[in-house]
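Report on the structure given below.
The values are calculated or read from the model by the stated rules, or taken from the named source; none is laboratory data. The shown structure was predicted, so the numbers you read here are calculated from the model rather than taken from an experiment. Ideal geometry is used to build each Cβ from the backbone, glycine not excepted, and the neighbour counts take in all protein chains shown. The protein model used for the area step is the full one, side chains on, heavy atoms only, and it has no ligands, DNA or RNA in it. Shrake-Rupley method; radii C 1.70, N 1.55, O 1.52, S 1.80 Å.
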Amino acid sequence: MNLTAARNALRSASRVAVLTGAGVSAESGIPTFRDAQTGHWARFRPEDLASPDAYERDPEMVWAWYAGRYQDVLRAQPNAAHHLLTQLEQRKRAGFFLATQNVDGLHHRAGSGTHGGQLVELHGNLISGRDEVTGEIFPLPAPEVLATPPSSPRGHRMRPNVVWFGEFLPEAALTAAQDAFATADVALVIGTSGAVYPAAGLALETLQRGGTVIEVNPTESDLSAYMTFAVRDVATRGLAALLEQEA
Ligand code: OAD
């Protein structure tokens with residue numbers, strides 16, 4: 001498949017499913033996880049920060065890290081790639097589904113999920129906390145006034161509302177994503193290393209059912225071998241090329 005055929009497939013698709021990873025927010029200034037120099041996991045060991053054991057050992061340290069990232073994502077702005085995905089939803093309406101592994105909330109702030117399509121945050125988000133007793137999710141206070149660990153309105157301690165290593169994904173979000181990818185005419189895989197399952201497996205469901213799978217990533221990922229076509233560019237320019245827009 002070439003770029004023209006990929007554009008045509010995307011234009012004529014009635015059902016489009018999109019998987020995004022940290023790379024889609026890189027141009028908003030948010031570090032990825034696996035970049036060799038700037039990635040979170042180049043500086044920290046995931047098991048020290050993003051695991052139930054780490055939280056049990058030292059909730060203060062884990063909260064300090066998440067509170068810092070919460071502050072950083074609120075200062076960041078959605079970039080052209082987030083906005084282009086909202087435009088794609090405006091064209092496809094109920095035929096648009098976006099599953100993000102990102103916890104930065106930038107797709108939501110760019111308006112995804114509000115034009116007839118659906119947005120699911122497979123790994124949770126940084127802007128809310130989860131009551132450790134009831135499991136209810138509440139928005140966090142503004143970063144300037146966030147005391148950690150925070151308490152829920154029920155008076156219980158809250159944990160970060162993110163999925164940690166070894167934990168299950170929110171079931172409803174994952175099932176909805178699996179259905180959407182299995183029935184998509186075209187799946188877009190943008191800015192993810194494809195290293196973390198089950199999210200990474202979603203596009204393979206589209207492929208198995210005979211759909212087209214297109215990657216946007218400046219470098220090869222663990223999923224590249226399965227792609228029908230790849231745009232080897234950053235998310236903003238790569239998506240603009242696919243959607244025939246100015247970068
Ligand atoms: P990674 O850090 O593993 O991968 C980021 C990907 O983005 C890489 O493939 C880069 O080549 C690509 N990339 C970098 N800059 C880009 C740009 N400007 N445009 C497009 N792509 C770019 O991040 P994820 O795949 O999102 O999980 O990581 C998956 C999960 O691992 C995360 O959700 C997180 C982490 O541990 C949890 O926290 C549960």
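Are any residues in segment 169-195 surrounded by fewer than 18 Cβ atoms within 10 Å (Cβ to Cβ) and within 11 Å of the ligand (Cβ to nearest atom), and if so, which ones? 195 - this is the single residue of segment 169-195 that is surrounded by fewer than 18 Cβ atoms within 10 Å (Cβ to Cβ) and within 11 Å of the ligand (Cβ to nearest atom).
Right, residue 139: in contact with a strand residue (DSSP E or B) (Cβ under 6 Å, 6 or more places away or on another chain), more than 16 Å from the ligand (Cβ to nearest atom) and open to solvent by 60 Å² or more (accessible area, probe 1.4 Å) or not? Quick ask: steps written out before the conclusion?
Numbers: in contact with a strand residue (DSSP E or B) (Cβ under 6 Å, 6 or more places away or on another chain): yes; more than 16 Å from the ligand (Cβ to nearest atom): yes; open to solvent by 60 Å² or more (accessible area, probe 1.4 Å): yes.
Here the answer is yes, as residue 139 does meet what is asked.
Scanning segment 80-101 for residues that are over 18 Å from residue 121 (Cα atoms) and under 14 Å from the mean Cα position of the chain (by Cα) gives no hits.
Given the options 213, 189, name the one that is among the β-branched types (Val, Ile, Thr), touching an Asp or Glu at 6+ places or on another chain (Cβ under 9 Å) and part of a strand (DSSP E or B). Before the answer, list the steps.
Numbers: 213 fails: touching an Asp or Glu at 6+ places or on another chain (Cβ under 9 Å).
Just a single option satisfies the conditions, and that option is 189.
Scanning segment 1-29 for residues that are in contact with a Lys or Arg (Cβ under 9 Å, 6 or more places away or on another chain) and open to solvent by less than 70 Å² (accessible area, probe 1.4 Å), we see that the one that is farthest from residue 191 (Cα to Cα) is 13. Among the residues of segment 93-108, those identified as free of Cβ contacts under 8 Å to residues at least 60 places away in the same chain and either within 14 Å of residue 18 (Cα to Cα) or assigned to a helix (DSSP H, G or I) (or both) are 93, 94, 108.
Can you pull out the residues in segment 7-25 that are within 16 Å of the ligand (Cβ to nearest atom) and closer than 10 Å to residue 96 by Cβ? Step through it out loud before you land on a result.
Going through segment 7-25, the residues within 16 Å of the ligand (Cβ to nearest atom) turn out to be 18-25.
18 - this is the single residue of segment 7-25 that is within 16 Å of the ligand (Cβ to nearest atom) and closer than 10 Å to residue 96 by Cβ.
Taking the criterion of being more than 19 Å from the chain's Cα centre (by Cα), surrounded by fewer than 19 Cβ atoms within 10 Å (Cβ to Cβ) and either assigned to a helix (DSSP H, G or I) or touching a residue at least 40 places away in the same chain (Cβ under 8 Å) (or both), the residues of segment 30-64 that qualify are 42, 43, 47, 48, 52, 53, 56, 57, 59, 60, 61, 64. Within segment 111-121, restricting attention to residues that are in a loop (DSSP other than H, G, I, E, B) and surrounded by fewer than 23 Cβ atoms within 10 Å (Cβ to Cβ), the residue that is nearest to the ligand (Cβ to nearest atom) is 113. Which residues, counting only those in segment 78-92, are free of Cβ contacts under 8 Å to residues at least 60 places away in the same chain, open to solvent by 20 Å² or more (accessible area, probe 1.4 Å) and touching a Ser or Thr at 6+ places or on another chain (Cβ under 6 Å)? Residues satisfying the conditions do not exist here.
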